[in-house]
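For reference, the structure is listed below as structure tokens.
A short reminder: the numbers here are calculations on the coordinates, not readings from a lab. In this text, all values refer to a predicted model and were calculated from it rather than measured experimentally. Don't worry about glycine lacking a Cβ; one is built from the backbone with ideal geometry, like all the others, and counts go over all protein chains shown.
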Amino acid sequence: AQSVTQLDSHVSVSEGTPVLLRCNYSSSYSPSLFWYVQHPNKGLQLLLKYTSAATLVKGINGFEAEFKKSETSFHLTKPSAHMSDAAEYFCVVSLSNDYKLSFGAGTTVTVRA
Amino acid sequence: GAVVSQHPSWVICKSGTSVKIECRSLDFQATTMFWYRQFPKQSLMLMATSNEGSKATYEQGVEKDKFLINHASLTLSTLTVTSAHPEDSSFYICSASGGTGELFFGEGSRLTVL
């Protein structure tokens with residue numbers, strides 16, 4: 001079985017300050033891990049993915065995430081938040097050869113001017 | 001990147017009618033497509049896996065006679081909500097795999113049943 005826990009349902013940051021979105025996973029197999037972003041009434045856009053290569057993964061729009069097997073974590077960070085980063089973020093896990101995804105509950109990010 | 005298109009993006013229908021939502025992979029062939037349902041301010045829930053040329057595989061608790069899925073070609077899967085009721089109102093999202101290890105998501109279709 002596999003599951004994902006996003007530890008924060010809502011994160012509020014000031015523009016220009018760092019963003020940290022926390023994610024822990026459980027999986028019986030070697031997982032693939034993803035972060036997706038969803039803007040209101042829109043589909044999902046892939047920010048980055050981990051598939052057993054480098055543990056520090058760089059994504060689009062300045063986001064990056066670090067896979068820590070010992071902590072079963074895959075936290076998402078960005079050094080400087082922008083107003084356009086306000087959205088819903090989902091941490092997602094998949095078995096290595098299975099396209100079925102398990103979604104975390106999501107974290108809403110708001111950015112204050 | 002690859003593009004997945006959903007149509008319609010918004011639909012309002014009367015209770016008891018059926019609504020069809022299309023999911024197309026525009027620039028790649030998708031042997032597998034997935035259908036998700038998302039309630040307001042909640043995460044995505046996988047409804048079913050759609051395989052080209054075969055019957056869809058439904059997740060536990062999803063009524064296959066209520067949510068008909070057809071994957072007739074490598075670029076098109078359809079979800080039909082039959083005899084829709086207000087509780088079926090939701091945001092429906094599809095995704096498609098092109099075999100590269102990445103899933104591409106459609107823009108979603110918001111269904112409102114009056």
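What percent do you get for the relative contact order of region A:1-64 when only Cα pairs under 8 Å and 6+ apart count?
Numbers: 75 pairs, mean separation 15.1, N = 64.
About 24 percent, as a whole number.
Anyone know which of A:T77, A:T51, A:T17 comes out most mobile in the 10 Å Cα GNM of chain A?
With Cα springs under 10 Å in chain A, the top fluctuation among A:T77, A:T51, A:T17 is at A:T17.
Enumerate by residue number the trypsin sites (Lys or Arg not before Pro) in region A:1-94 meeting two conditions: DSSP loop (anything except H, G, I, E, B), and at most 14 other Cβ atoms within 10 Å of the site's Cβ. Write down the numbers at each step before the final one.
Values: sites: A:R22, A:K42, A:K49, A:K58, A:K68, A:K69; in loops: A:R22, A:K42, A:K69.
Filter output for region A:1-94: A:K69.
Rounded to the nearest 5, what % of DSSP beta bridges with both residues in region A:11-113 are antiparallel?
Values: 32 of 36 bridges.
Counting only bridges with both partners in region A:11-113, antiparallel ones make up about 90 percent.
What ranking do B:M47, B:M33, A:M83 get, fewest neighbouring Cβ atoms within 10 angstrom at the top?
Working: B:M47 24, B:M33 31, A:M83 11.
Final ranking by Cβ density, sparse to dense: A:M83, B:M47, B:M33.
Can you return the lysines within cross-link range of B:K66? Criterion is Cα-Cα under 30 Å, with same-chain partners fewer than 8 residues away left out.
In chain and number order, the partners are A:K42, A:K100, B:K14, B:K20, B:K41, B:K55.
A:K58: which aspartates and glutamates have alpha carbons under 18 Å from its alpha carbon, excluding same-chain residues fewer than 8 sequence positions away?
List returned: A:E66, A:D85, B:E102.
Can you tell me the alpha carbon radius of gyration of region B:1-56 divided by the globular rule-of-thumb value 2.2 N^0.38 Å? List each step's numbers first, then the result.
On the way: Rg = 13.3 Å, N = 56, 2.2 N^0.38 = 10.2 Å.
Ratio of Cα Rg to 2.2 N^0.38 Å: 1.31.
Just checking the output field for A:3-12: average partner chain Cβ neighbours within 10 Å of each residue's Cβ?
Values: counts 0, 1, 0, 1, 0, 0, 1, 0, 0, 0.
Partner Cβ neighbours, averaged per residue: 0.
If contacts are Cα pairs under 8 angstrom and at least 6 residues apart, what is the relative contact order of chain A in percent?
Numbers: 295 pairs, mean separation 42.1, N = 113.
Relative contact order of chain A: 37 percent.
What aspartates and glutamates sit close enough to B:K64 to cross-link, taking a C-alpha to C-alpha distance under 15 Å and skipping anything fewer than 8 places away on the same chain?
B:D88
In percent, what relative contact order does region B:2-96 have, based on Cα pairs under 8 Å that are 6 or more apart in sequence?
Numbers: 196 pairs, mean separation 34.0, N = 95.
Contact order relative to length: 36 percent.
Quick test of your reading: applying the under-4.7 Å Cβ rule, which cysteines of chain B are isolated?
Among the cysteines of chain B, those whose Cβ sits 4.7 Å or more from every other are B:C13.
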